[in-house]
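*Asks:* Sharing a structure, written as structure tokens. Questions coming.
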Amino acid sequence: MGEMLDVPPPDYSHRISIVLVRPQFDGNIGAVARSMKNFGFSDLRIVGREPEWSEEVRNRAKHAQSVLDDAKFFSDIESAVYDSSLVVGTSGKREKGSKISFRHFLEPEDLPEMLEDLEGNISIVFGPEGKGLLNSELRICDLLMTIPTWPGYPIMNLSHAVTIICYAWYRKNSSKTRISNNSNLLSPELKNVLRTEIIKLSEIIPTIEFRRSGIEETLHRVIMRGLPKDDEIHRLLGVIHTTNIAFEYFVNNPEIWEEIISNNN
């Protein structure tokens, strides 16, 4: 029982990475590697931990030693997702009130449905046990995902959460024969250009100071939920870049901006 079979890996194995940020317990890391192998995932990335495995990690991984052997280590999330067209952050936290406007969560089965037949690297990011990803780390992510749980005890064990998300992906991709339409996700390079222009817009747009981070985060997430293609982003970048130039002009000529505002009131 539990032996490995000589079966080709699934198509997604080369392009989906599981990123663990500051994992605390060796047993969980080994269990994550085992779950990844169960569903055909192989790219494990570790943020904020020394590049060595304890005996407990190895024992819990069972036949998934190759996942541990090939794991990559990074000092921060940005470095770990450098080659990803889409970064998906996970969280079990439940906010209420104004904070929820920044947390539009997907569920595990939503992501493979949205990305069907789209090419491009994807990173799924998990925070440390207990606290999860910080708000500043969630802002790095393009989309957010949560696993629906009973609200009385919503936070899952790390390895269990990875298992459910990996299973949802495997289930979707093994349920039917997929026909590629040769579409691609946004390239990582172009996504970084988009993020830079959005940040610039949020910094220069005339608004109350505390709203700037919300403008940046909301605009980025709304655009990325549409899974835009490179040509669409090129057109959108033209609009945002022109808008930035216009607002920069108004910043340098405040009397013109005041006149426009007064004419519209």
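*Asks:* Looking for something of a type outside the set (S, T, N, Q), touching a residue at least 12 places away in the same chain (Cβ under 8 Å), surrounded by fewer than 21 Cβ atoms within 10 Å (Cβ to Cβ) and closer than 26 Å to Glu216 by Cα - is there at least one such residue anywhere in segment 161-172?
*Replies:* No; the residues of segment 161-172 include none that is of a type outside the set (S, T, N, Q), touching a residue at least 12 places away in the same chain (Cβ under 8 Å), surrounded by fewer than 21 Cβ atoms within 10 Å (Cβ to Cβ) and closer than 26 Å to Glu216 by Cα.
*Asks:* While we're here: I'd like to know if segment 9-18 contains one or more residues that are over 28 Å from Lys172 (Cα atoms) and either in a loop (DSSP other than H, G, I, E, B) or of a type in the set (S, T, N, Q) (or both).
*Replies:* Checking segment 9-18: not a single residue is over 28 Å from Lys172 (Cα atoms) and either in a loop (DSSP other than H, G, I, E, B) or of a type in the set (S, T, N, Q) (or both).
*Asks:* Does segment 54-64 hold any residues that are surrounded by fewer than 20 Cβ atoms within 10 Å (Cβ to Cβ) and in contact (Cβ under 8 Å) with a residue 24 or more places away in the chain, and which are they?
*Replies:* Kept after step one, since they are surrounded by fewer than 20 Cβ atoms within 10 Å (Cβ to Cβ), are these residues of segment 54-64: 54-56, 58-59, 62-63.
Matches in segment 54-64: Ser54, Glu56, Arg58, Asn59, Lys62, His63.
*Asks:* What pairs come up if the first residue lies in segment 123-151 and is in the same structural domain as Trp169 (by TED's automatic domain parsing) and over 16 Å from Ile164 (Cβ atoms), the second is among the hydrophobic types (A, V, I, L, M, F, W, C) and part of a loop (DSSP other than H, G, I, E, B), and their beta carbons are under 7 Å apart, counting only those six or more places apart or on different chains?
*Replies:* Ser123/Val81
*Asks:* Now, a different point. May I ask you to list the residues in segment 31-46 that are in a helix (DSSP H, G or I) and under 13 Å from Asp70 (Cα atoms)? Before the answer, list the steps.
*Replies:* In the first step, residues of segment 31-46 are kept if they are in a helix (DSSP H, G or I); the result is 31-38.
Hits for segment 31-46 are Ala33, Met36, Lys37.
*Asks:* Which pairs do you get when a residue that is in contact (Cβ under 8 Å) with a residue 12 or more places away in the chain and among the small types (Gly, Ala, Ser), found in segment 23-48, comes within reach of a residue that is surrounded by 23 or more Cβ atoms within 10 Å (Cβ to Cβ) and in a loop (DSSP other than H, G, I, E, B), reach meaning Cβ atoms under 7 angstrom, with the pair 6+ apart or on two chains?
*Replies:* Ala33/Ala64
*Asks:* Which of the residues spanning segment 103-119 are surrounded by fewer than 19 Cβ atoms within 10 Å (Cβ to Cβ) and part of a loop (DSSP other than H, G, I, E, B)?
*Replies:* Arg103, His104, Glu107, Glu109, Glu116, Asp117
*Asks:* Counting just the residues of segment 162-183 that are outside any helix (DSSP H, G or I) and of a type in the set (D, E, K, R), which one comes out modelled with the highest pLDDT?
*Replies:* Looking only at segment 162-183, we keep the residues that are outside any helix (DSSP H, G or I), and these are 175-183.
Filter again for of a type in the set (D, E, K, R), leaving 176, 178.
Numbers: Lys176: 51, Arg178: 45.
In this case the residue turns out to be Lys176.
*Asks:* One residue is enough: does segment 184-196 have a residue meeting the conditions more than 25 Å from Glu78 (Cα to Cα), crowded, with 16+ Cβ neighbours inside 10 Å, modelled with pLDDT of 80 or more and hydrophobic (A, V, I, L, M, F, W, C)?
*Replies:* Keep residues of segment 184-196 that are more than 25 Å from Glu78 (Cα to Cα), which gives none.
No, segment 184-196 contains no residue that is more than 25 Å from Glu78 (Cα to Cα), crowded, with 16+ Cβ neighbours inside 10 Å, modelled with pLDDT of 80 or more and hydrophobic (A, V, I, L, M, F, W, C).
The values are calculated or read from the model by the stated rules, or taken from the named source; none is laboratory data. These numbers come from a predicted model, not from an experiment. Because the Cβ atoms are built from the backbone with ideal geometry, glycine has one as well, and the counts that use them run over all protein chains shown.
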